[in-house]
Amino acid sequence: MIYLDYQATTPLAPEARDAMLPWLAGPEAQGFANPHSPHRPGRAAAAAVEAAREQVASLLPPGGTVVFTGCATEALNLAVRGSGVRRVAVSAIEHSAVLDTAKACVDRCDVIPVSPQGLVDADAAIAPGTGLVAVMQVNNEIGTIQPVDALAAAARDAGALFLCDAVQGAGKLAPPAQADMIALSAHKLHGPKGIGCLWIRDGVELRPLIYGGGQEQDLRSGTLSPALCAGFGAAAQLARERMQDDADHIAMLAGKARDILSRWTLNGSPVERWCGNLNLRLHGLDVARLMSELRDIAFSAGSACASGSGRTSHVLRALGLGDRQAKCSIRLGFGRYTMLREIEDACARIDAAAAAQGV
Ligand code: PLP
């Protein structure tokens with residue numbers, strides 16, 4: 001199996017797995033202790049959680065707090081709903097964790113359009129009375145990188161908070177330094193599934209969504225998993241240490257993929273993009289048939305969240321693509337553990353299978 005779906009999730013780094021194992025050990029090792037208990041094994045578990053918090057914080061700007069959550073979706077819900085604002089502005093290409101939360105939970109949700117290149121206009125007007133602006137750092141479907149620093153400054157000038165979904169950018173790019181809140185997900189940066197976090201700038205007030213034991217500074221009650229925290233922390237540290245090497249490797253893979261698939265059209269800006277995401281279309285392509293003919297290549301027909309729903313991707317529609325263009329698009333996502341020969345093999349076979357369809 002050649003795995004080309006790095007935007008849906010990433011393989012667990014061996015270093016992250018190793019960091020988790022002591023906290024999954026049996027009764028004798030006492031790594032199972034509750035990190036909120038005051039006894040010695042509990043304090044050891046709490047120390048591991050705090051060390052992990054520092055490691056995750058190293059991917060984020062200074063001057064804020066990392067609150068662990070169950071996933072980025074929860075972190076984004078905490079930011080939007082916990083801020084208590086009644087009017088928000090979100091980009092048209094946000095993940096549904098932001099779009100649907102905003103639409104369901106606030107009185108008014110203004111949608112900021114994007115250009116045909118998939119970029120949010122940094123000068124987009126923010127309506128008076130807007131309490132929160134949310135724009136993602138890197139889009140999960142097409143990989144475009146948004147001008148989040150300029151957008152955060154504009155939000156601040158308009159008196160609004162700025163929330164950045166940095167799920168697809170964290171560990172790859174510098175953090176969105178001007179944001180007030182930033183959401184991350186461990187499993188998108190070679191950490192375990194089941195943990196994410198919300199970074200909250202000092203001074204930003206939120207109310208919790210989950211009440212109970214008052215963990216995570218009263219913002220997210222519930223017993224933390226030291227194993228998941230440790231895995232997230234190790235993955236974050238590794239991503240920071242390997243940022244340049246990973247970027248170089250992925251750029252080399254992207255260059256090769258673009259060479260082989262040179263007749264395909266790239267969806268989204270060719271410049272302002274994370275190159276480990278290639279969203280490509282070929283006029284007339286039957287994507288379902290392509291996927292069924294290439295079952296040993298794991299790639300996507302759009303975002304993993306939208307695929308299977310039968311709906312055309314809201315991101316591709318926001319670029320101005322019609323239904324037919326959107327439906328002949330595929331997403332190839334690759335990263336740290338993808339090998340050159342896998343890219344060569346997969347891209348050549350994808351192109352040949354498309355040619356066999358007569359497109
Ligand atoms: N935001 C973006 C950009 C994503 O790609 C995803 C996952 O697909 C999420 C949010 C949700 O992350 P999680 O799986 O941690 O809830």
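Tabulated data for the structure shown
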quantity	calculated
Options Asp149, Asp100, Asp165, Asp121: the member that is within 16 Å of the ligand (Cβ to nearest atom), open to solvent by 40 Å² or more (accessible area, probe 1.4 Å) and within 21 Å of the chain's Cα centre (by Cα)	Asp100
Selection from region 223-257 of residues that are without any contact (Cβ under 8 Å) to a residue 24 or more places away in the chain and either under 17 Å from Ser58 (Cα atoms) or surrounded by 16 or more Cβ atoms within 10 Å (Cβ to Cβ) (or both)	Glu241, Gln244
Near pairs, Cβ below 8 angstrom, 6+ apart or cross-chain, from region 184-196 (on the phi < 0 side of the Ramachandran plot and within 8 Å of the ligand (Cβ to nearest atom)) to any residue that is open to solvent by 10 Å² or more (accessible area, probe 1.4 Å) and among the basic types (Lys, Arg)	Ala186/Lys193; His187/Lys193
Lone unmet requirement of (1) in a loop (DSSP other than H, G, I, E, B); (2) more than 30 Å from Pro192 (Cβ to Cβ) for Asp110	(1)
Qualifying residue in region 331-349 (condition: open to solvent by 60 Å² or more (accessible area, probe 1.4 Å), of a type in the set (Gly, Ala, Ser) and part of a helix (DSSP H, G or I))	no
Unmet requirement for Arg349, which otherwise passes all of (1) under 27 Å from Leu99 (Cα atoms); (2) touching a residue at least 12 places away in the same chain (Cβ under 8 Å); (3) among the basic types (Lys, Arg)	(1)
Residue in region 11-33 that is closer than 20 Å to Thr223 by Cβ, part of a loop (DSSP other than H, G, I, E, B) and touching a Gly at 6+ places or on another chain (Cβ under 6 Å) present	yes
Thr73 farther than 14 Å from Gly169 by Cβ, among the hydroxyl-bearing types (Ser, Thr, Tyr) and within 16 Å of the ligand (Cβ to nearest atom)	yes
Lone qualifier among Val88, Val80, Val49 - being open to solvent by less than 10 Å² (accessible area, probe 1.4 Å) and within 15 Å of the ligand (Cβ to nearest atom)	Val80
Residues of region 114-154 that turn out to be among the hydrophobic types (A, V, I, L, M, F, W, C) and either part of a loop (DSSP other than H, G, I, E, B) or in contact (Cβ under 8 Å) with a residue 40 or more places away in the chain (or both), as a count	15
Filter result for the condition that a residue is within 30 Å of Gly333 (Cα to Cα) and crowded, with 20+ Cβ neighbours inside 10 Å, over Leu60, Leu132	Leu60
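The values are calculated or read from the model by the stated rules, or taken from the named source; none is laboratory data. Note that the structure is a prediction, hence the values are computed from the model and not measured. Cβ: placed from backbone, ideal geometry, glycine included. Neighbour counts: every protein chain shown. Heavy atoms of the whole protein, side chains included, go into the accessibility calculation; ligands, DNA and RNA do not. Shrake-Rupley method; radii C 1.70, N 1.55, O 1.52, S 1.80 Å.
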